[in-house]
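Enquirer: My structure is below; once you've seen it, I'll send some questions.
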Amino acid sequence: MTIVRIKPEARWSDAVIHNQTLYYTGVPENLDADAYAQTVNTLAQIETVLKEQGSDKSRILDATIFLTDKADFAAMNRAWDEWVVAGHAPVRCTVQAGLMNPRYRVEIKIIAAL
């Protein structure tokens with residue numbers, strides 16, 4: 001089976017495709033923003049990557065959301081609820097984690113069908 005690595009670098013690839021399944025992790029670019037805005041930014045990145053690979057957010061199978069502060073859970077959920085496709089919500093878990101960049105409030109990892 002073929003593994004396709006999208007924009008591979010020494011330490012990671014932007015995305016990986018295997019067996020018609022896309023794997024991607026998004027981090028915010030707006031590092032001075034609050035959790036809501038960082039989530040909106042990260043979800044927009046996810047949507048762009050999915051579209052570039054011929055998929056869309058209705059085809060997300062699994063999402064793992066990492067938050068640095070559990071107090072941001074409601075703000076993240078507000079952004080998520082505005083974005084997710086009704087009737088097509090993926091399996092999802094949210095965990096509190098110490099992310100490597102102290103300015104990240106959120107990081108989102110998804111698995112999606114192509």
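Enquirer: Which of the residues belonging to the stretch 42-54 are surrounded by 14 or more Cβ atoms within 10 Å (Cβ to Cβ) and either more than 14 Å from the chain's Cα centre (by Cα) or of a type in the set (Phe, Trp, Tyr) (or both)?
Expert: Hit for the stretch 42-54 is Gln53, nothing else.
Enquirer: Another question, then. Among the numbered conditions (1) assigned to a loop (DSSP other than H, G, I, E, B); (2) more than 15 Å from Thr42 (Cβ to Cβ), tell me where Ser58 comes up short.
Expert: (1)
Enquirer: For Ala97, indicate whether it is out of contact with any helix residue (DSSP H, G or I) (no Cβ under 8 Å at 6 or more places or on another chain) and under 24 Å from Trp12 (Cα atoms).
Expert: yes
Enquirer: For the stretch 76-93, does any single residue satisfy the condition of being assigned to a helix (DSSP H, G or I), buried (at least 17 other Cβ atoms within 10 Å of the Cβ) and in contact with a Lys or Arg (Cβ under 9 Å, 6 or more places away or on another chain)?
Expert: Scanning the stretch 76-93 turns up at least one residue that is assigned to a helix (DSSP H, G or I), buried (at least 17 other Cβ atoms within 10 Å of the Cβ) and in contact with a Lys or Arg (Cβ under 9 Å, 6 or more places away or on another chain).
Enquirer: Moving on. Within the stretch 1-26, restricting attention to residues that are in contact (Cβ under 8 Å) with a residue 24 or more places away in the chain and in a loop (DSSP other than H, G, I, E, B), which residue is nearest to the chain's Cα centre (by Cα)?
Expert: This residue is Asp14.
Enquirer: Is it true that Thr39 is surrounded by 16 or more Cβ atoms within 10 Å (Cβ to Cβ), in a helix (DSSP H, G or I) and of a type in the set (Val, Ile, Thr)?
Expert: yes
Quick note: the coordinates plus some simple rules give every number you see, no bench work behind them. All values reported here derive from a predicted model rather than from experimental measurement. Note: ideal-geometry Cβ built from the backbone for every residue, glycine included; neighbour counts use all protein chains shown.
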